[in-house]
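Comments concern the structure below.
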Amino acid sequence: MSEVTTSRRGGYLDRPSSSSLADVIDTILDKGLVIDAFVRVSVVGIELITIDIRIVIASVDTYLRFAEATNRLDLAESGGRDLTELSGSMMESGSQGKTKGMLQGAKEALLGDGDDGRRGDSDEDDEEPEEEREPRQKRTQERPRRRPVRKEQA
Amino acid sequence: MTASTSATDHGEARVGQSLYLYGLVMPDASLPDALTGVSREPVRAVGLEHVTVLVSDVPDAELIGLPAEVRAHAAVLDAVAAAAPVLPMRFGTTAAGEDQLASALPTERQRAYAGRLGELADVVQLSLTARYDQDAVIAELVDEEPEIRRLRELTRGRSEAATYGERTRLGELVVAGFGRKRAADADALERMLTPLVERVQQREVGQVDAVLDAALLVRRDAVARLEEALEEAAARHAGRVTLRLVGPQAPYDFVGEL
């Protein structure tokens with residue numbers, strides 16, 4: 001089962017031909033038909049991730065991370081560069097690297113391997129290392145990367 | 001393969017075999033060939049009276065691991081959804097065997113699901129995510145909010161330990177600023193989408209730089225038009241907001257209604 005979409009590339013719209021793991025988890029988490037008679041496996045790994053995320057968003061960690069990002073930014077002070085100028089360089093550096101949020105980070109740390117990034121169909125340039133993710137990342141990675149899931153009665 | 005013929009492909013000698021369930025399709029649905037599912041098992045169709053269930057064997061009855069299985073589950077359903085309406089089962093659903101499929105899905109329930117599949121015949125789900133370019137929005141906030149500007153200048157170049165309180169406050173204000181912008185931008189985006197889609201189902205956003213996470217229910221013949229409109233929007237907002245569109249997918253976000 002290869003491509004199922006009519007995908008186009010090269011535009012501004014990010015239109016991958018296949019879903020990444022992050023897309024998939026966003027999409028199928030807690031959704032779909034539930035029929036009582038059937039047994040559901042309990043999805044331990046996924047539940048842990050969502051708990052993680054809620055903690056992260058409203059945390060001091062997040063505030064400090066955004067304070068740092070605000071400090072790092074090198075523009076308004078020179079009083080010069082307006083947003084239109086800015087967009088050029090932004091486009092090149094891409095949105096995936098530095099703006100990849102904690103959710104993504106946590107997911108990839110727990111679930112993903114190198115080839116499981118935002119773009120499910122490419123295994124190059126999925127740059128993982130990012131300074132601003134470190135404290136959370138380390139903690140997350142202490143867990144086993146892949147959690148087997150035990151079957152239990154739903 | 002078609003649902004009706006393949007029902008018998010592996011049908012023999014499977015009694016009591018634990019099954020992994022993907023979703024329900026119409027009995028006459030035309031399905032992609034050679035779908036590979038969870039644990040790399042071939043997906044097959046088990047035909048009931050009014051619906052057909054897509055299943056695969058679970059070779060190791062004990063373990064379903066992540067993340068390969070999550071991806072396999074979605075890959076099967078999305079491939080099917082591209083060709084035919086499908087009602088996805090929740091991830092991780094298993095049945096004790098083919099016999100249990102019929103007993104868990106009595107005729108009147110099958111009819112209800114078949115009716116819903118009929119309603120979904122002409123639509124697919126797509127997922128849209130809109131993300132801020134973090135630096136672009138921070139630049140706006142520094143420009144717009146004096147307190148952010150002040151705290152930024154106060155903390156810049158000084159150690160985190162010496163400015164912990166100010167940094168926390170700065171970060172809090174910036175995060176709140178993202179929230180305000182999100183409210184306005186998500187609204188505008190949804191207004192733009194409304195005439196192009198049948199339904200918009202907003203998902204809870206979990207990230208500071210998120211603008212919108214939404215499942216869109218779109219007529220199959222309107223997908224191209226939606227893509228064009230989003231391409232234009234993405235070009236217009238380049239450098240500030242990035243748009244990502246994934247699908248067609250099974251209607252995960254819309255099984256409960258309609």
### Query
What are the residue pairs meeting all of these: first residue in the range B:113-132, first residue farther than 18 Å from B:Asp78 by Cα and in contact (Cβ under 8 Å) with a residue 24 or more places away in the chain, second residue assigned to a strand (DSSP E or B) and small (Gly, Ala, Ser), Cβ atoms under 7 Å, and 6 or more apart or on different chains?
B:Arg131/B:Ala210
### Task
Can you tell me which residue within the range B:118-141, out of those that are away from every other protein chain (no Cβ under 11 Å) and in contact with a strand residue (DSSP E or B) (Cβ under 6 Å, 6 or more places away or on another chain), is nearest to A:Arg15 (Cα to Cα)?
B:Val123
## Note on the structure
Selection over the range B:215-228 where residues are within 11 Å of chain A (Cβ to nearest Cβ) and under 27 Å from B:Phe178 (Cα atoms) yields a count of 3
### Summary
Residues of the range B:40-97 being assigned to a loop (DSSP other than H, G, I, E, B) and at pLDDT below 90, in sequence order, are B:Val58, B:Pro59, B:Asp60, B:Ala61, B:Glu62, B:Leu66, B:Pro67, B:Arg90, B:Phe91, B:Gly92, B:Ala96, B:Gly97
### Summary
Checked the range B:118-160 for anything part of a loop (DSSP other than H, G, I, E, B), surrounded by fewer than 22 Cβ atoms within 10 Å (Cβ to Cβ) and among the charged types (D, E, K, R); matches are B:Asp122, B:Glu145, B:Arg156, B:Arg158, B:Glu160
#### Entry: Sole exception among (1) farther than 30 Å from A:Leu33 by Cα; (2) within 17 Å of the chain's Cα centre (by Cα) for B:Ala250, by number
(1)
### Task
For residues that are assigned to a helix (DSSP H, G or I) and facing chain A (nearest Cβ under 8 Å), tally how many sit in the range B:234-258.
4
### Query
Does the range B:133-184 hold any residues that are without any contact (Cβ under 8 Å) to a residue 40 or more places away in the chain and among the acidic types (Asp, Glu), and which are they?
B:Asp135, B:Asp143, B:Glu144, B:Glu145, B:Glu147, B:Glu153, B:Glu160, B:Glu166, B:Glu172
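Out of all the residues in the range B:200-210, is one or more under 28 Å from A:Asp30 (Cβ atoms), of a type in the set (S, T, N, Q) and in a helix (DSSP H, G or I)?
No - not one qualifying residue is present in the range B:200-210.
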### B:Gln100 facing another protein chain (nearest Cβ under 8 Å), surrounded by 14 or more Cβ atoms within 10 Å (Cβ to Cβ) and either without any contact (Cβ under 8 Å) to a residue 40 or more places away in the chain or part of a helix (DSSP H, G or I) (or both)
yes
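The values are calculated or read from the model by the stated rules, or taken from the named source; none is laboratory data. Please read all numbers here as calculations on a predicted model, not as lab measurements. Note that each Cβ is placed from the backbone with ideal geometry, even for glycine, and that neighbours are counted across all protein chains shown.
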